[in-house]
Amino acid sequence: MEEAGPPLRRSPSVAEAVGAALGRRKAELAWQRDQEAKRLQAEAQQRREAEARQEAEYREWRERVRAERCREQRVRERETGPSSEADREELRRLELQGRDFYQERELKHKELL
């Protein structure tokens, strides 16, 4: 079998140069791994922040929808008036105090949930 070139002599300077080159390559590969890990961490953090932002926006939207529906329900109830005598008495008592019977009732229901 023929060799591609003259055999390398075992000299300290050649061994030192090869060692330095391998060391630089090893350091470069370690740096690349570190950079990739940092990139993946940053992407994961961005995903978590986006998910948290989406969740907060959804909760806010859901609360606005619920508040609007409750407001519409209060308007309908005001138009029809209280259904029982006890509710009429409570309505009168709260009106004298300057409070909203329908909103107070809604808050009680909300506390139960």
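The values are calculated or read from the model by the stated rules, or taken from the named source; none is laboratory data. The structure displayed is predicted, hence computed values, not measured ones. Cβ coordinates were reconstructed from backbone atoms using ideal geometry, including for glycine residues, and neighbour counts include every protein chain displayed. All accessible areas refer to the heavy atoms of the entire protein, side chains included, with ligands and DNA or RNA removed. Shrake-Rupley method; radii C 1.70, N 1.55, O 1.52, S 1.80 Å.
Keeping all protein chains in place, calculate the accessible area per residue for the chain (probe 1.4 angstrom), answer in Å².
Result: 91 Å² of accessible area for each residue.
Could you give the nm distance between label points at R24 and A44, where each point is 7 Å from its Cα heading toward the beta carbon?
3.3
In Å, the Kirkwood hydrodynamic radius of the range 43-113 over pairs of distinct alpha carbons?
Every distinct Cα pair counted, the radius reaches 14.7 Å.
Kindly express, to the nearest 10 degrees and within the range 0 to 90, the angle between helix 101-112's C-alpha long axis and the longest C-alpha principal axis of the chain.
Its long axis makes an angle of about 40 degrees.
With the full set of protein chains in place, find how many percent of the accessible area of the range 28-89 is carbon and sulfur; take the probe as 1.4 Å.
49
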